[in-house]
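Please read the structure below before turning to the comments.
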Amino acid sequence: MPDSTAIRAHAEDLAAFVAASPSSFHAAAEVARRLRDAGFTALAEDQAWPHAAGGTHLVVRDGAVIAWVVPTRADAATPVRVFGAHSDSPAFKLKPKPTTGRLGWLQAGVEIYGGPLLNSWLDRELRLAGRLVLDDGTTALAATGPLLRLPQLAIHLDREANDHLALNKQAHTQPVWGLGDAASADLLGELAAAAGVDAARIRGYDVVTADAAPGAVFGKDDAFFASGRLDDLASVHAGVVALAAADTDADHIAMLAVFDHEEVGSATRSGAAGPFLADVIERIQLGLGADRDQQLRALAASWCVSSDVGHSVHPNYPDKHDPVVQPVLGSGPILKINANQRYATDAAGAAAWHGWCDAAGVVSQEFVSNNAVPCGSTIGPITATRLGIRTVDVGIPILSMHSARELAGTADLHALTRVAAAFFASDGSHRVH
């Protein structure tokens, strides 16, 4: 079992990863940077790829990234083990003509991305981050420091705020970022300066807000880890650490697939419902000389672990959870189950998951929703449907899901990474320390 020092160090590394990943585009770039440092080679989709067994590679598509390890003994029918996650999180996204304001305040024109817990974004210092596309078609990543804030109305002006806070999604969610006349200000100029480019060259942008506060370990025995974007950067980080340590002589291709746009349905070219994963797997298989029969045989023997956060039982709202199956933060990663296939887990997937947990020396918990509280979904059913790969849905339990700042258990974070490493190992014996 890992000691407390290793668990804390892992959480602190996750904090650094989240800080470097304020947008999906930054997350994909940070995954690529870390894996390049581990010896992976970046490939371009419009270039030829290697046609031989052996090698560690990655490819970035917008805010998504896929990386893989082709073992030295791979052949045309070698199966794939995919650890899947997503890079995006609920936030606010800049609208066209984003520099707004009135009454002497500068404000940002934003629309809601995904399903954020709106009140959690009040009275926090926020960053702007994303990609800027310039007049020559090149892309620059931009991230500001603390720049914006959604100031809450004082209790003196809304005496019923503690009884029922109701935020109008248009009128009450436009953050302030300065003082003055909007006609003479330029919010995109702030982003351009952060990226080191000329604002006049910006022709398009995909920019979101992110909580500016760093992740923190706290609580009795360092039990807790709080941070923005744990949904789903906690899983992305686990996959990166595990893949960087993956065996190059396994009996399968180890792969990390990080998709964008999960929070808005995944139906994009870089989302799980798009062709990215299928394209990458097919190109690897063709490079190994596979015919159609060998491709299908490989997929039939493949696995996908879809990793995303789930709900820990909440001590103040126990009636919102199943009365019997009650995973608690800090007691291990979770196996996510839903009778209506909102999660892709079935009996075979449950058995396989428990086997990987046993190999990693990790205790797992189960998660199922209260029948009166419908659950969300993940990339798991989408991946299973698109590719026919056997898929199991897992993750870590958290509180405050979709808040600007979510709460996880430090031990769970480390445990998920160890199971991901066992999943990638050919014999289940590999360990992440």
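The values are calculated or read from the model by the stated rules, or taken from the named source; none is laboratory data. What you see is a predicted model; the values in this text were computed from it and never measured. Cβ coordinates were reconstructed from backbone atoms using ideal geometry, including for glycine residues, and neighbour counts include every protein chain displayed. Areas reflect the complete protein model, heavy atoms only, side chains present, ligands, DNA and RNA absent. Shrake-Rupley method; radii C 1.70, N 1.55, O 1.52, S 1.80 Å.
Residues are listed down the side, and each one gets a yes or a no for (1) surrounded by fewer than 21 Cβ atoms within 10 Å (Cβ to Cβ); (2) in a helix (DSSP H, G or I):
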| residue | (1), (2) |
| --- | --- |
| A350 | yes, yes |
| C357 | no, yes |
| P374 | yes, no |
| T385 | yes, yes |
| H402 | yes, no |
| L407 | yes, no |
| V419 | no, yes |
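Considering only residues that are open to solvent by less than 30 Å² (accessible area, probe 1.4 Å) and not hydroxyl-bearing (S, T, Y), which ones fall in segment 156-173? Steps first, please.
Taking segment 156-173 as the starting set, the residues that turn out to be open to solvent by less than 30 Å² (accessible area, probe 1.4 Å) are 161, 173.
Listed by number, the list holds a single entry, A161.
When every residue of segment 214-225 is checked against the conditions, at least one turns out to be crowded, with 24+ Cβ neighbours inside 10 Å, out of contact with any His (no Cβ under 6 Å at 6 or more places or on another chain) and either in a helix (DSSP H, G or I) or among the hydrophobic types (A, V, I, L, M, F, W, C) (or both).
Determine if segment 300-307 includes at least one residue that is closer than 22 Å to A44 by Cβ, open to solvent by 10 Å² or more (accessible area, probe 1.4 Å) and either among the β-branched types (V, I, T) or at pLDDT 95 or above (or both). No: zero hits.
Filtering segment 89-113 down to residues that are hydroxyl-bearing (S, T, Y) and within 19 Å of R229 (Cβ to Cβ), which residue is surrounded by the most Cβ atoms within 10 Å (Cβ to Cβ)?
Only one residue fits best here, namely S89.
Can you confirm whether segment 236-245 contains a residue that is in contact with a helix residue (DSSP H, G or I) (Cβ under 6 Å, 6 or more places away or on another chain), crowded, with 24+ Cβ neighbours inside 10 Å, closer than 16 Å to I379 by Cβ and modelled with pLDDT of 95 or more? Checking segment 236-245: at least one residue is in contact with a helix residue (DSSP H, G or I) (Cβ under 6 Å, 6 or more places away or on another chain), crowded, with 24+ Cβ neighbours inside 10 Å, closer than 16 Å to I379 by Cβ and modelled with pLDDT of 95 or more.
Among the residues of segment 286-321, count how many are among the polar types (S, T, N, Q) and part of a loop (DSSP other than H, G, I, E, B).
Final tally of qualifying residues: 3.
Considering R283, R342, the condition of being open to solvent by 70 Å² or more (accessible area, probe 1.4 Å), under 24 Å from A234 (Cα atoms) and either in a loop (DSSP other than H, G, I, E, B) or in contact (Cβ under 8 Å) with a residue 60 or more places away in the chain (or both) is satisfied by R342 alone.
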